[in-house]
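One structure is given below, represented as structure tokens, and several questions about it will come after.
The values are calculated or read from the model by the stated rules, or taken from the named source; none is laboratory data. None of these values were measured; they are calculated from a predicted model. Note that each Cβ is placed from the backbone with ideal geometry, even for glycine, and that neighbours are counted across all protein chains shown.
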Amino acid sequence: MQQTKRAVATGVALLTALALAGCAAGGSGTDGGGDAAACAPADGDVTLEFTSWIPGIEDVVATWNEQNPDIQVEVQTGPNGNSGTYANFFSQLEAGNAPDLGQIEYDALSSFRVQDGLENLAACEDIVAAEADFIPWTWGQVTLGSSDGVYGVPQDSGPMALFYRADLFEQNGIEVPTTWEEYKEAAVKVREAGGYITNFSTADINQFAGFVWQAGGDWFTNDGDAWTVDLTGEQSTTVADYWQELLDEDLVATYPAWTEEWNNAYNSGEVWSWNSAVWGANSIASGAPDTAGNWAVAPSPQWAAGEQSSGNWGGSSVAVFKGSEHVYEAAKFALWLNTSDEALTALNESANIYPATTAGLSLPSLQEGVEFYGGQKIYDVFAEAAEQVNPDFVWGPTMTQTYADVSDGFQSAVTGQGTLLEALESAQASTISTLEAQSIPVAE
Amino acid sequence: MSLLTRTAGATPDDFAPTRRRGPRESMLSRGASLLVMGVFTLYFLVPIWWLFIASTKDRGDLLTTPALWFADWNFFQNVGDLITYNDGIYLRWLLNSLGYAGIGALLATIVAGMCGYALAKYRFRGRETFFNIVLGGVLVPATALALPLFLLFSQVNLTNTFWAVLLPSIVSPFGVYLSRIYAASSVPDELIEAGRIDGAGEVRTFFTVSVRLMTPALVTVFLFQFVTIWNNFFLPLIMLRSQELFPVTFGLYGWNTQLNQIPELRTYVLVGSFLSIVPLIIAFLLLQRFWRNGLGTGSVK
């Protein structure tokens, strides 16, 4: 008796769920008009959902909402992409209720593309026409190496340069290195003076990738059919061997990045420089408050004297998710958010976002001297670096796994087991097998 | 519990008989247990102490002064900054947490109490099977259910709502288990019979008679569930997208992932974490009275 009742109850619950599911699916199917490849304006008023974790983004969006009563944008937030929001995007895509727009860092964009989670904005004229406004390499990041696809609007970039303790370098008579060779010589002198020239981070593979990027290496290439994985190419090997030497000779510290020890190493003057991205300016200012006024920024050391090449670390785009019913409006908003002066200024003020447009680099807020860096106009250095980043560097579709594998290998290398190069070799193999396991074609 | 109270209330008299029987055991075991307790007390209290100290410092002092002692007293300044940052979103999160945990734990306790009571006091077919299934539920980690729940809630458009976090929280298999065990031993069948003879319905008997006898178990279920919901992190992470709905744990986590860009968030996260444990401490202090009294009553009887 009881059992029958329960069975009936379960059945009713299931049926309800199914019916609701049917409604939901039917609803979105008719409104969406198939795959909506075209980029056409909607008839009436539109409300867009936009997920981003940038602090203060609400205020920027509020400005848009005031100016565009017919295209209202609702902001939704969450933690940093890799700390949970990407995972959510994937489940939302799975459930068919992804927001219209989402913030996606460049290195994750391929993963979403491969899962068919992004609308191709190449259908939107305004987007295609905007290519010239962006720093060339950031555009390369959103086309993912294809000629007929645009999978997001570049938002910010992370050109790299050398932060260094101007006071300590001067006191010890060490020249600011302009090549990696000089950097190593300086490292020896710094070690003699009792410090470390820099900290080699094993957890954040993005920095290392930035070094490889600067050296002209390509970890991934995609010819439209298949992915080529090349973690152990000539340039990667050069970079890995270089840092391996520094590690072997105990010339660099190896604190885990962004921990208290790491902050302390910088704050106490144990570590003297950091080749990092533009946003690193804040990391130092917040992590090493006692050293205010003693830092300066110089262009990254080069592999050959006289070269002008920069790496990049970080940066993100705003993408339109598959299934959005308002691609046109979404694209319009994304473009405004990342190209208009008022939005870029607001983003820079609220979250230190470093714009991806060439015009954005001359924002008034980026022309001022920074007190923490002795009044130096540090953004001039980064603006120059931004123009020197190789536009062809592409991220693979399984970066999470690649990062994890390289990081594991690097961690053992730092403790004396294996080398950085061996770490890259094993990550190369596991990346290929991960791609194959997900049926993503790999070129031999 | 009994060990704790005995040791705490120990007087020299208590040890007199023991000493006659065997002094070695008493000295050694007492010393050892004190040591273990001392170590664990420190283990649990030092992080809270650190958190408190860190909340009183400004950003510069945080890294440069000793971690376990005060520098300049900046606590109220920090709290002020925290609750005004981003239009006071922190207070909103705190209220949300109280809502999720308070309402969720209350409903969970009622449901689990009734369910456990029914399992203990009524005989029906499939009772053991049902109970075993509930017991199985204890073994399934909440994390494993979050994603399926998300897909389910998506179908009925309940994601990113208050309900998305509240509804799953009112299920407590452990609560059902505890309620059943406790009801079986503490609610005499005679009392229920007496209630029936006096003409009270089953529901009335439950709420007027049985609930009182089951109080210690129910308070335990409430506390457990309150803490579980308060600390639940994965479910809000999966379900929620509007920060007006975030519970405090998830909100602070979000801030913590943005430290690279917004340095002042470091202080807010610390002060915010410290303040967020205060409601838990209050709940515990208020409720443990019932808890202990109840357990005591049970044992005397």
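I'd like the full set of residues that are in contact with a Phe, Trp or Tyr (Cβ under 7 Å, 6 or more places away or on another chain) and part of a helix (DSSP H, G or I), limited to segment A:214-235.
A:Ala215
Rundown of residues vs (1) part of a loop (DSSP other than H, G, I, E, B); (2) touching an Asp or Glu at 6+ places or on another chain (Cβ under 6 Å); (3) crowded, with 16+ Cβ neighbours inside 10 Å, yes/no style:
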{"residue": "A:Asp392", "(1), (2), (3)": "yes, no, no"}
{"residue": "A:Thr402", "(1), (2), (3)": "no, no, yes"}
{"residue": "A:Gln417", "(1), (2), (3)": "yes, no, no"}
{"residue": "A:Leu421", "(1), (2), (3)": "no, no, yes"}
{"residue": "A:Glu425", "(1), (2), (3)": "no, no, yes"}
{"residue": "A:Ser430", "(1), (2), (3)": "no, yes, yes"}
{"residue": "A:Ser439", "(1), (2), (3)": "yes, no, no"}
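If you scan segment B:130-178, which residues turn out to be closer than 29 Å to B:Thr215 by Cβ, of a type in the set (Val, Ile, Thr) and assigned to a helix (DSSP H, G or I)?
B:Ile133, B:Val134, B:Val138, B:Val165, B:Val176, listed by residue number.
If you check B:Thr249 against the conditions, is it modelled with pLDDT under 90, assigned to a helix (DSSP H, G or I), within 12 Å of another protein chain (Cβ to nearest Cβ) and more than 24 Å from B:Glu128 (Cβ to Cβ)?
Details: modelled with pLDDT under 90: no; assigned to a helix (DSSP H, G or I): yes; within 12 Å of another protein chain (Cβ to nearest Cβ): yes; more than 24 Å from B:Glu128 (Cβ to Cβ): yes.
No, not satisfied.
Let me ask something else. Identify the single condition in (1) surrounded by 16 or more Cβ atoms within 10 Å (Cβ to Cβ); (2) in contact with a Phe, Trp or Tyr (Cβ under 6 Å, 6 or more places away or on another chain) that B:Thr143 does not satisfy, given that it satisfies every other one.
Of (1) surrounded by 16 or more Cβ atoms within 10 Å (Cβ to Cβ); (2) in contact with a Phe, Trp or Tyr (Cβ under 6 Å, 6 or more places away or on another chain), only one is false for B:Thr143: (1).
For A:Ser236, indicate whether it is surrounded by 17 or more Cβ atoms within 10 Å (Cβ to Cβ), within 22 Å of A:Ser430 (Cβ to Cβ), away from chain B (no Cβ under 14 Å) and of a type in the set (Ser, Thr, Tyr). Give the derivation first.
Details: surrounded by 17 or more Cβ atoms within 10 Å (Cβ to Cβ): yes; within 22 Å of A:Ser430 (Cβ to Cβ): yes; away from chain B (no Cβ under 14 Å): yes; of a type in the set (Ser, Thr, Tyr): yes.
So A:Ser236 passes the test.
Here's a follow-up. Does segment A:270-279 contain any residue that is within 14 Å of chain B (Cβ to nearest Cβ), charged (D, E, K, R) and assigned to a loop (DSSP other than H, G, I, E, B)?
The answer is yes, given that some residue of segment A:270-279 is within 14 Å of chain B (Cβ to nearest Cβ), charged (D, E, K, R) and assigned to a loop (DSSP other than H, G, I, E, B).
Assuming A:Glu119 fulfils every condition listed in (1) surrounded by 17 or more Cβ atoms within 10 Å (Cβ to Cβ); (2) at pLDDT 90 or above; (3) at positive phi apart from one, which condition is it?
With respect to (1) surrounded by 17 or more Cβ atoms within 10 Å (Cβ to Cβ); (2) at pLDDT 90 or above; (3) at positive phi, A:Glu119 is out only on (3).
(1) over 20 Å from B:Leu91 (Cβ atoms); (2) modelled with pLDDT of 90 or more; (3) touching a Leu at 6+ places or on another chain (Cβ under 6 Å); (4) not polar (S, T, N, Q): which one isn't true of B:Leu259, the others all being true?
(2)
Read through the list (1) in contact with a helix residue (DSSP H, G or I) (Cβ under 6 Å, 6 or more places away or on another chain); (2) within 17 Å of A:Gly152 (Cβ to Cβ); (3) within 12 Å of chain B (Cβ to nearest Cβ); (4) not in a loop (DSSP other than H, G, I, E, B), then give the number of the only condition that A:Ala98 fails.
Evaluating A:Ala98 over (1) in contact with a helix residue (DSSP H, G or I) (Cβ under 6 Å, 6 or more places away or on another chain); (2) within 17 Å of A:Gly152 (Cβ to Cβ); (3) within 12 Å of chain B (Cβ to nearest Cβ); (4) not in a loop (DSSP other than H, G, I, E, B) leaves (4) as the failure.
Say we look at segment B:87-114 and pick out the residues that are crowded, with 17+ Cβ neighbours inside 10 Å and out of contact with any Phe, Trp or Tyr (no Cβ under 9 Å at 6 or more places or on another chain); which of these is nearest to B:Glu244 (Cα to Cα)?
Filtering first and then ranking leaves B:Leu94.
Just for segment A:45-61: of the residues that are in a strand (DSSP E or B), surrounded by fewer than 23 Cβ atoms within 10 Å (Cβ to Cβ) and not hydrophobic (A, V, I, L, M, F, W, C), which one is farthest from the other protein chains (Cβ to nearest Cβ)?
Across segment A:45-61, the extreme among qualifying residues is A:Thr47.
If you take the residues in segment A:338-381 that are part of a loop (DSSP other than H, G, I, E, B) and within 14 Å of chain B (Cβ to nearest Cβ), which one is modelled with the lowest pLDDT?
A:Asn352
Given the criterion surrounded by 17 or more Cβ atoms within 10 Å (Cβ to Cβ) and in contact with a strand residue (DSSP E or B) (Cβ under 7 Å, 6 or more places away or on another chain), identify the matching residue among A:Ala298, A:Ala288.
Numbers: A:Ala288 fails: in contact with a strand residue (DSSP E or B) (Cβ under 7 Å, 6 or more places away or on another chain).
After applying the criteria, what remains is A:Ala298.
Can you find a residue that is under 21 Å from B:Leu107 (Cα atoms) and away from chain A (no Cβ under 14 Å) anywhere in segment B:143-161?
Taking every residue of segment B:143-161 in turn, none turns out to be under 21 Å from B:Leu107 (Cα atoms) and away from chain A (no Cβ under 14 Å).
Here's a follow-up. Considering B:Arg127, B:Arg123, which residue is farther than 21 Å from B:Leu106 by Cβ and under 29 Å from the mean Cα position of the chain (by Cα)?
That would be B:Arg127, the only listed residue that is farther than 21 Å from B:Leu106 by Cβ and under 29 Å from the mean Cα position of the chain (by Cα).
Here's another thing I want to ask about it. Would you be able to tell me the number of residues in segment A:306-327 that are aromatic (Phe, Trp, Tyr) and at pLDDT 95 or above? Steps first, please.
The initial filter retains those residues of segment A:306-327 that are aromatic (Phe, Trp, Tyr), namely A:313, A:321.
So of that shortlist, the ones also at pLDDT 95 or above come out as A:321.
Adding up the residues that qualify gives 1.
Further question on the same structure: Any residue that is buried (at least 22 other Cβ atoms within 10 Å of the Cβ), within 14 Å of chain A (Cβ to nearest Cβ) and at pLDDT 90 or above - is there at least one of those in segment B:204-217?
Among the residues of segment B:204-217, not one is buried (at least 22 other Cβ atoms within 10 Å of the Cβ), within 14 Å of chain A (Cβ to nearest Cβ) and at pLDDT 90 or above, which makes the answer no.
Right, here's the next one. Identify, by number, the condition in (1) facing another protein chain (nearest Cβ under 10 Å); (2) touching a Gly at 6+ places or on another chain (Cβ under 7 Å); (3) more than 25 Å from B:Val156 (Cα to Cα) that B:Thr257 doesn't meet.
It fails just one condition, (2).
Continuing with the same structure: Can you tell me which residue is surrounded by the most Cβ atoms within 10 Å (Cβ to Cβ) among those in segment A:184-213 that are touching a Leu at 6+ places or on another chain (Cβ under 9 Å) and either without any contact (Cβ under 8 Å) to a residue 12 or more places away in the chain or hydrophobic (A, V, I, L, M, F, W, C) (or both)? If you could, list the steps in order and put the result at the bottom.
Taking segment A:184-213 and keeping what is touching a Leu at 6+ places or on another chain (Cβ under 9 Å), we get A:184, A:187-188, A:190-191, A:193, A:195-198, A:200, A:208, A:212.
Filter once more, so that each one left must be either without any contact (Cβ under 8 Å) to a residue 12 or more places away in the chain or hydrophobic (A, V, I, L, M, F, W, C) (or both): A:187-188, A:190, A:193, A:197, A:200, A:208, A:212.
On the way: A:Ala187: 24, A:Val188: 14, A:Val190: 23, A:Ala193: 15, A:Ile197: 28, A:Phe200: 21, A:Phe208: 25, A:Val212: 23.
Result: A:Ile197.
Condition first: more than 10 Å from chain B (Cβ to nearest Cβ) and either at pLDDT 90 or above or part of a loop (DSSP other than H, G, I, E, B) (or both). Can you find one or more residues in segment A:26-33 that meet it?
For segment A:26-33, residues more than 10 Å from chain B (Cβ to nearest Cβ) and either at pLDDT 90 or above or part of a loop (DSSP other than H, G, I, E, B) (or both): present.
In segment A:319-340, what count of residues is obtained for those that are surrounded by fewer than 24 Cβ atoms within 10 Å (Cβ to Cβ), hydrophobic (A, V, I, L, M, F, W, C) and closer than 30 Å to A:Ala161 by Cβ?
Adding up the residues that qualify gives 2.
Taking interchain pairs and intrachain pairs at least six residues apart, which have beta carbon atoms under 8 angstrom, with the first residue in segment B:81-110 and more than 22 Å from B:Leu237 (Cα to Cα) and free of Cβ contacts under 8 Å to residues at least 24 places away in the same chain and the second hydroxyl-bearing (Ser, Thr, Tyr) and part of a helix (DSSP H, G or I)?
Going by the 8 Å Cβ cut-off, the qualifying pairs are B:Ile83/B:Tyr90.
Which of the numbered conditions does A:Ala203 fail, given that it passes all the others? Conditions: (1) under 18 Å from the mean Cα position of the chain (by Cα); (2) among the hydrophobic types (A, V, I, L, M, F, W, C); (3) away from chain B (no Cβ under 14 Å); (4) farther than 25 Å from A:Glu384 by Cα.
(3)
Right, next: Within segment A:62-85, take every residue that is in a helix (DSSP H, G or I) and in contact (Cβ under 8 Å) with a residue 24 or more places away in the chain and give me the one that is surrounded by the most Cβ atoms within 10 Å (Cβ to Cβ). Outline the logic, then answer.
Let us first name the residues in segment A:62-85 that are in a helix (DSSP H, G or I), namely A:62-67, A:81-83, A:85.
This time we only want the ones that are in contact (Cβ under 8 Å) with a residue 24 or more places away in the chain, so: A:63-64, A:81-82, A:85.
On the way: A:Thr63: 15, A:Trp64: 20, A:Gly81: 22, A:Asn82: 15, A:Thr85: 25.
The extreme case among them is A:Thr85.
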